[in-house]
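For reference, the structure is listed below as structure tokens.
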Amino acid sequence: MNESKVNRSPPVRIAWNTLDSFVRSGIIPEAENSAAGTAESKDSSLTGRAGCFVSLKKKGELRGCIGTIAPTTDSIEKEIIRNAVAACSEDPRFDPVEASELEDLSVSVDILGSPEVVTSKADLDPSRYGVIVTAGFARGLLLPDLEGVDTVDKQLAIACRKGGIDPASVYQIQRFTVTRYY
């Protein structure tokens, strides 16, 4: 893989270890056997529970991105493992990642803060906050600080499209922060 193991953050090391194992052998590592090891599993970036997204890029282009808005497992480490497998094999926009692609991939992990309801677009900033839009049972999410998403209206329109929500309809908006790891 193209990134130095020394420079990877603990969340990204977990995602890489999972990708490598799953893509090459079909084996999903257990949390206690992941790249985090015992010292890193005490790392503050891995304490508690939170939703997270694992994003894969190949030569700078999106290759997979799957995540959870809220935690679905009992630890951030397990959440990263689950979403790394899904990002490389279940993103409906892409074919599953093959072993020959691993050298060309870069990985980031976004750990989500708690969503908060906002009542005004003035409370949003696409470089600082991600958004969740909800109308009935439909829901769309867009992470913050994405290339080409530089206005609140564009951010909301994309989130609505992802959720199958008419942007002209009434919908609830929540914002959240992320801690992004490379």
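Rule-based calculations on the coordinates, nothing more; no lab input. Nothing here was measured: the structure is a model prediction, and the numbers come from that model. With ideal geometry, Cβ positions are generated from the backbone for all residues, glycine too; neighbour counts draw on all protein chains shown.
Compute the distance in nm between two label points, each set 7 Å from the Cα along the Cα-to-Cβ direction, one at T179 and one at D150.
A separation of 3.0 nm, rounded to one decimal place.
Between helix 10-25 and the chain, what is the angle of the helix's C-alpha long axis to the longest principal axis, kept within 0 to 90° and rounded to the nearest 10?
70 degrees
Among I76, V178, C160, which residue has its Cα positioned farthest towards the positive end of the charge dipole of the chain, with +1 placed on the Cβ of Lys and Arg, -1 on the Cβ of Asp and Glu, and the dipole taken about the Cα centre?
C160
Please give the residues of the stretch 140-171, grouped as numeric ranges, whose backbone N is less than 17 Å from a label point set 7 Å along the Cα-to-Cβ vector of R128.
The answer is 143-146, 150-153, 155-156.
Using the crude model of +1 on Lys and Arg Cβ and -1 on Asp and Glu Cβ, and no other charge, please compute the dipole size for the stretch 116-177 relative to its Cα centre, in debye to 20.
That gives the stretch 116-177 a dipole magnitude of about 200 debye.
What is the helix-to-structure angle for 76-89, meaning the angle in degrees between its Cα long axis and the longest Cα principal axis of the chain, kept from 0 to 90 and rounded to the nearest 10?
That works out to roughly 90 degrees.
Quick one: net charge around R49, please, counting Lys, Arg +1 and Asp, Glu -1 for every other residue with C-beta under 11 Å from its C-beta.
-2
With the dipole of the chain worked out from charges on the C-beta (+1 for Lys and Arg, -1 for Asp and Glu) around the Cα centre, which of V85, S55, V131 lies farthest toward the positive end?
V131
In whole Hz and in residue order, list the ³J(HN,Hα) couplings for the stretch 143-156 that follow from phi through the Karplus curve 6.51 cos²θ - 1.76 cosθ + 1.60, θ = phi - 60°; x for Gly and Pro.
Here the 3J(HN,Hα) series is 5, x, 6, 9, 4, x, 10, 10, 10, 4, 4, 5, 4, 5 Hz.
Projected onto the charge dipole of the chain (+1 at Lys/Arg Cβ, -1 at Asp/Glu Cβ, origin at the Cα centre), which of I66, V97, A31 gives the Cα projection farthest towards the positive end?
The one lying farthest along the dipole's positive direction is I66.
Taking the structure as given and computing percent of Cα pairs over 21 Å apart, which label from (i) 69; (ii) 57; (iii) 49 fits?
Computing percent of Cα pairs over 21 Å apart and matching it to (i) 69; (ii) 57; (iii) 49 gives (iii).
Given charges of +1 on the Cβ of Lys and Arg and -1 on the Cβ of Asp and Glu, with all other atoms neutral, how large is the dipole of the chain about its Cα centre, in debye to the nearest 20?
220 debye
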